[in-house]
Amino acid sequence: MTEIIVEPSGKIINCEPGQKLSEALSRAGIDIPMPCGGAGTCGKCLVRIIEGHSQPQPAETKLLTKEQIAMNFRLACQTTVTGDMRIRLTESRDSLPHQILTDSSTNGRRHIFAAVKKTYVELPEPSLEDGRSDLRRLCEAVCQKDCKPPKVGLKTLRRLPAVLREAQFKGTATVCQNKLIDFEPGDTTDNCYGVAVDIGTTTVAAAILDLTNGDRLAVDSALNPQVKCGDDVVSRINYCGSEPEGLKTIQTLIVNCMRTLIQNLCEKTGVQPDNIYEVTIAGNTTMEQLFTGVDPKSIGEMPFVSTFSRGLLLEAEDFALPVNEAARVYLFPIIGGFVGGDTSACILSSEIYNEKECVLMVDIGTNGEIILLAGGKLYAASTAAGPALEGARISKGMRAAAGAIDRVNIENDDIAFTVIGGAEPVGICGSALIDAIAILLEINVMNQTGQMISPENSDGLPPKIAARITKGDNGQSEFLIAQTPQGEKITLTQKDVREFQLAVGAIRAGVNIMLKKAGVGFEDVSKMLLAGGFGSFIRRSRAQRAGLLPLEIDREKIDYIGNASLAGAELGLLSIKARDLIDSICGKIEHIELSLDTDFQMEFASAMIFPG
């Protein structure tokens, strides 16, 4: 085994020689961005090798500068581990959620308290002298190695006589929180897996974990298919009430999406579905109720009450998921109103509750959750940010996938951009939208109210910039970012700017009101955490210029923590103690319903004005 020291955290991971560095980091819970899927074309997995050696690969010499290569910068997806190494991540990608997960393995991780445990037993065969029942014989053997006698499910009980004799009374018992759920011939103790899922309003992400050591084996994601029923939670609630079989339709969409993700994870890893014993799910209140098929009507009406709040344990067979027939599904607890299990999972993985100073956390997404720790107390709220920051409601917007423009810059008095996967541009994703807004403000194409100048008033601009300002069919100004090979224009329209302002206004207004409620100011905030898979791709300087992040907080105090909801779901998969902890914490959080605050509309209107 080779040893890799990861700076700046000093974390130590081990892997087999010949493994890709990106794979070794991912298995250790350090999730580095690879939008190109490891093809070596996006450059987002850049690391610096401090000790050790890696010969530059063709993809690296093509993408990196000579200076970068000379300074031992490499792409993790192209670097093969051949010996011990010390590396430095170019950004803080070994963020807190994944560090918690890393701390859970035998490589210096916390002890795993997974709900599922497999035990190999060799039982004495029945005889006239030993006439114990099959179930008692098995349970007593399991108890010798564990705790109190487990209960048993009816399906397992029916299978037990045949499988015990087929296995000659030697096999592996699977117990889930004191319930015997399976018995298999032979020693299968190493084949024990679980799946963690983050159900976002726009994106669904899933990870498969080895429950014996905490390793994450693979991750997959997909667009939430419910977007066809509405791109935000309110429109989906309305869909359930207005369409025949609306609730059933929308539940089927998300359940089928989860089935596909689990099947993909099994194909990637070679894990047999029968060896998946638990699924943990973190989603906002609406997403969790829609998954369970519970009518969300009460969430969308005053006083915005959910059907359940504490962590919920359900049977996987009720959803026909491709897992063991006795597997269970755990849903993270709901805090209040639209603040649901994704927020509680973020709180769990970030350990914000352990901070001593004032900390602000924002989960940037369609539902825009905000968590504040002040004076030793946690506050939580949800803002209707909408899906603009995830590429929806933007004329040429798209998810961060191959073909999406993900960076916009000014070079030689003109617009330059990068595209995920090195492909031809197809549309613009959230990170590029923020870049574009910030740039238009910087070069005076747009004023603080978000109004773009007209082509006839662009004389004072560099000629190449001025040429990009046109008028759309509606007579309003548009700004050309790029063109597709087919000649289709990828523009930023006045309507796109307004959608961005609505999203930013909702988040900033929510932050301002929460700070007031807690009696603190921006000067009191010691740290700001940005959660959400999208957040890791935002440039802090551009986000502050565009008004998404407060200028009042020093840039150095803003940290990315990645998909903290998925990381929390993983932690809940590995530890039933973590589930008990977050249930307890959620009961003490003060939920703030922003829509009822008398200052919200004023704060919202003020926050829609871009910084000067």
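The values are calculated or read from the model by the stated rules, or taken from the named source; none is laboratory data. This one's a predicted model, so the numbers in the text were calculated from it and none came from an experiment. Glycine gets a Cβ as well: all are built from the backbone with ideal geometry, and neighbour counts include every protein chain shown.
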Selection from segment 560-607 of residues that are surrounded by fewer than 18 Cβ atoms within 10 Å (Cβ to Cβ), among the small types (Gly, Ala, Ser) and assigned to a helix (DSSP H, G or I): 584, 595, 605, 606
Criterion violated by residue 212 - all others in (1) buried (at least 16 other Cβ atoms within 10 Å of the Cβ); (2) of a type outside the set (Lys, Arg); (3) over 30 Å from the mean Cα position of the chain (by Cα) satisfied: (3)
Some residue of segment 230-241 being crowded, with 23+ Cβ neighbours inside 10 Å, of a type in the set (A, V, I, L, M), more than 27 Å from residue 26 (Cβ to Cβ) and modelled with pLDDT of 90 or more: yes
Some residue of segment 492-513 being assigned by TED's automatic domain parsing to the domain that holds residue 405, not small (Gly, Ala, Ser) and not in a helix (DSSP H, G or I): yes
Selection status of residue 320, modelled with pLDDT of 95 or more, over 21 Å from the mean Cα position of the chain (by Cα) and either within 26 Å of residue 259 (Cβ to Cβ) or surrounded by fewer than 18 Cβ atoms within 10 Å (Cβ to Cβ) (or both): yes
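Residues are listed down the side, and each one gets a yes or a no for (1) farther than 12 Å from residue 83 by Cβ; (2) under 24 Å from the mean Cα position of the chain (by Cα); (3) modelled with pLDDT of 70 or more; (4) part of a loop (DSSP other than H, G, I, E, B):
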residue: 3; (1), (2), (3), (4): no, no, yes, no
residue: 9; (1), (2), (3), (4): yes, yes, yes, yes
residue: 29; (1), (2), (3), (4): yes, yes, no, yes
residue: 37; (1), (2), (3), (4): yes, yes, no, yes
residue: 41; (1), (2), (3), (4): yes, yes, yes, yes
residue: 44; (1), (2), (3), (4): yes, yes, no, yes
residue: 53; (1), (2), (3), (4): no, no, yes, yes
residue: 60; (1), (2), (3), (4): yes, no, yes, no
When residues of segment 247-291 are limited to those that are of a type in the set (S, T, N, Q) and not in a helix (DSSP H, G or I), the one surrounded by the fewest Cβ atoms within 10 Å (Cβ to Cβ): 272
Tally of residues being over 14 Å from residue 397 (Cα atoms) and touching a Gly at 6+ places or on another chain (Cβ under 7 Å) across segment 408-423: 2
Unique match (being in a helix (DSSP H, G or I) and not polar (S, T, N, Q)) among 195, 163: 163
Any hit, segment 443-451, residues being among the small types (Gly, Ala, Ser), within 17 Å of residue 415 (Cβ to Cβ) and either assigned to a loop (DSSP other than H, G, I, E, B) or in the same structural domain as residue 393 (by TED's automatic domain parsing) (or both): no
From the options 523, 478, residue that is acidic (Asp, Glu), assigned to a strand (DSSP E or B) and either in contact with a Leu (Cβ under 9 Å, 6 or more places away or on another chain) or at pLDDT 95 or above (or both): 478
Segment 328-348, subset farther than 15 Å from residue 576 by Cα and among the small types (Gly, Ala, Ser), residue nearest to the chain's Cα centre (by Cα): 341
Residue match in segment 235-246 (condition: in a loop (DSSP other than H, G, I, E, B) and of a type in the set (Ser, Thr, Tyr)): no
Some residue of segment 171-192 being out of contact with any strand residue (DSSP E or B) (no Cβ under 7 Å at 6 or more places or on another chain) and among the aromatic types (Phe, Trp, Tyr): no
Extreme residue, surrounded by the most Cβ atoms within 10 Å (Cβ to Cβ), among residues of segment 147-180 that are touching a residue at least 40 places away in the same chain (Cβ under 8 Å) and of a type in the set (Gly, Ala, Ser): 173
Boolean, residue 218 is crowded, with 22+ Cβ neighbours inside 10 Å, in contact (Cβ under 8 Å) with a residue 12 or more places away in the chain and in a strand (DSSP E or B): no
Segment 292-311, residues that are without any contact (Cβ under 8 Å) to a residue 24 or more places away in the chain, crowded, with 16+ Cβ neighbours inside 10 Å and hydrophobic (A, V, I, L, M, F, W, C): 294
